[in-house]
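Here's the structure, in structure tokens; my notes come after.
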Amino acid sequence: MQLYHHPFDLDSQKVRLALEEKGIDYTSYHANPITGKNLDSLFFKMNPSGRLPVFQNGAHIIYNTIDIIKYIERIVEVSSGSQAICSSGRDVIEWMHKIQEWDPKYFSLSYTPEKHRNYVSKFNRRVVIARMADSPELAGSYHEKLREAYQTEEKLKDADVLRRSKEHLIRLLDEAERQLSETHYLAGDQFSMADVMFIPILARLVLLSLENEYITARPNISEYWFMVQKRPSYKKVIGKHFDGWRKHKTLLKTWCFVHIRSLLKRY
């Protein structure tokens, strides 16, 4: 089993947390979307959207985050041969879909300094053009990716898009706060795949230095966040890259790569 992912990507974090929680062995391949590694022709042939994560088990390839997590649960069921291990119930599935409905892209980018955001966007557009020249048979898919990049830039100028994203996040957090006043975890008193989906959102808020506004201000979520950070899966998937000084190392490494390749005009 192979997983194409990156520590920066929220959906990648969700899938990796699921794999770690279920104890599934897999081969890890990093495809950094900031440096354009997800645009390489071999990856693009497998997934023309260029989005992460991608899960491959033999000839079976899955792109959708929730579908990947459900597939992971089925693997555990089949390999264990036990009736005691079952897939996520209705409440868990409802929470998974509810969490996945919020798209973090515009919210996250809106808190990224504009000059850095534009610099990376320009670099990625040049990567797309270079890959298109190298692989003309994929020109249609690359054109779509280029159009998507321009659309993202335009939407970031639209205050309504950013307002709706923020309001959606607040509704999600408020509902989670109410739920956590009744149960230890999102879908009950046992850790579930709903929590696997939710933890990366909290980690992203901390990375953006928004913890006080969105987490600390909600006491139940704040207590929950303190608790889930102790899990081995969190430490391996997220904490390893973003806790404390590590986030500066992770971000600096990527920024240096983009800057050097831009100076050398090697895309």
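For segment 128-138, give me each residue that is free of Cβ contacts under 8 Å to residues at least 40 places away in the same chain and either open to solvent by less than 70 Å² (accessible area, probe 1.4 Å) or closer than 25 Å to LEU169 by Cα (or both). Spell out the reasoning first.
Going through segment 128-138, the residues free of Cβ contacts under 8 Å to residues at least 40 places away in the same chain turn out to be 132-133, 136-137.
Answer for segment 128-138, where residues must be free of Cβ contacts under 8 Å to residues at least 40 places away in the same chain and either open to solvent by less than 70 Å² (accessible area, probe 1.4 Å) or closer than 25 Å to LEU169 by Cα (or both): just MET132.
Return yes or no: is GLY50 farther than 21 Å from TRP95 by Cβ, among the small types (Gly, Ala, Ser) and either in contact (Cβ under 8 Å) with a residue 40 or more places away in the chain or in contact with a Lys or Arg (Cβ under 6 Å, 6 or more places away or on another chain) (or both)? It would help to see each step written out before you state the result.
Working: farther than 21 Å from TRP95 by Cβ: yes; among the small types (Gly, Ala, Ser): yes; either in contact (Cβ under 8 Å) with a residue 40 or more places away in the chain or in contact with a Lys or Arg (Cβ under 6 Å, 6 or more places away or on another chain) (or both): yes.
So GLY50 passes the test.
Looking only at segment 166-187, decide whether some residue is within 26 Å of ASN32 (Cβ to Cβ), surrounded by 14 or more Cβ atoms within 10 Å (Cβ to Cβ) and of a type in the set (S, T, N, Q). No, every residue in segment 166-187 fails to be within 26 Å of ASN32 (Cβ to Cβ), surrounded by 14 or more Cβ atoms within 10 Å (Cβ to Cβ) and of a type in the set (S, T, N, Q). Of all residue pairs spaced 6 or more apart or on separate chains, those with beta-carbon atoms under 6 Å, a first member in segment 185-209 that is assigned to a helix (DSSP H, G or I) and of a type in the set (Phe, Trp, Tyr) and a second member that is open to solvent by less than 40 Å² (accessible area, probe 1.4 Å) and modelled with pLDDT of 95 or more are PHE198/ILE99; PHE198/LEU186. Screening segment 40-127 for helices (runs of 4 or more DSSP H) wholly inside it with 1 or more residues that are open to solvent by 30 Å² or more (accessible area, probe 1.4 Å) and under 30 Å from ILE170 (Cα atoms) returns the ranges 65-80, 90-100, 105-110.
Any residue that is farther than 29 Å from HIS30 by Cα, open to solvent by less than 30 Å² (accessible area, probe 1.4 Å), of a type in the set (Ser, Thr, Tyr) and assigned to a helix (DSSP H, G or I) - is there at least one of those in segment 234-251? Let's see the steps before the verdict.
Of all residues in segment 234-251, those farther than 29 Å from HIS30 by Cα come to none.
Scanning segment 234-251, I find no residue that is farther than 29 Å from HIS30 by Cα, open to solvent by less than 30 Å² (accessible area, probe 1.4 Å), of a type in the set (Ser, Thr, Tyr) and assigned to a helix (DSSP H, G or I), so the answer is no.
Residues in segment 210-227 that are in a loop (DSSP other than H, G, I, E, B) and open to solvent by less than 50 Å² (accessible area, probe 1.4 Å): LEU210, ARG218. Taking the criterion of being open to solvent by 30 Å² or more (accessible area, probe 1.4 Å) and among the hydroxyl-bearing types (Ser, Thr, Tyr), the residues of segment 1-39 that qualify are TYR4, TYR26, THR27, SER28, TYR29. The C-beta contact set for segment 71-82 (first residue of a type in the set (A, V, I, L, M, F, W, C), second residue surrounded by 11 or more Cβ atoms within 10 Å (Cβ to Cβ), distance under 7 angstrom, 6+ apart or interchain) comprises ILE72/ALA18; ILE72/LEU19; ILE72/LYS22; ILE72/ILE24; ILE75/ILE24; VAL76/LYS22; VAL76/ILE85. Determine, yes or no, whether SER12 is free of Cβ contacts under 8 Å to residues at least 40 places away in the same chain and outside any loop (DSSP other than H, G, I, E, B). For SER12, the condition - free of Cβ contacts under 8 Å to residues at least 40 places away in the same chain and outside any loop (DSSP other than H, G, I, E, B) - is not met. State yes or no: is LYS230 in a helix (DSSP H, G or I), without any contact (Cβ under 8 Å) to a residue 40 or more places away in the chain and surrounded by fewer than 14 Cβ atoms within 10 Å (Cβ to Cβ)? In short, no.
The values are calculated or read from the model by the stated rules, or taken from the named source; none is laboratory data. Everything quoted here is computed from the prediction, not taken from an experiment. With ideal geometry, Cβ positions are generated from the backbone for all residues, glycine too; neighbour counts draw on all protein chains shown. To get the accessible areas, we keep the full protein, side chains included, count just its heavy atoms, and leave off ligands, DNA and RNA. Shrake-Rupley method; radii C 1.70, N 1.55, O 1.52, S 1.80 Å.
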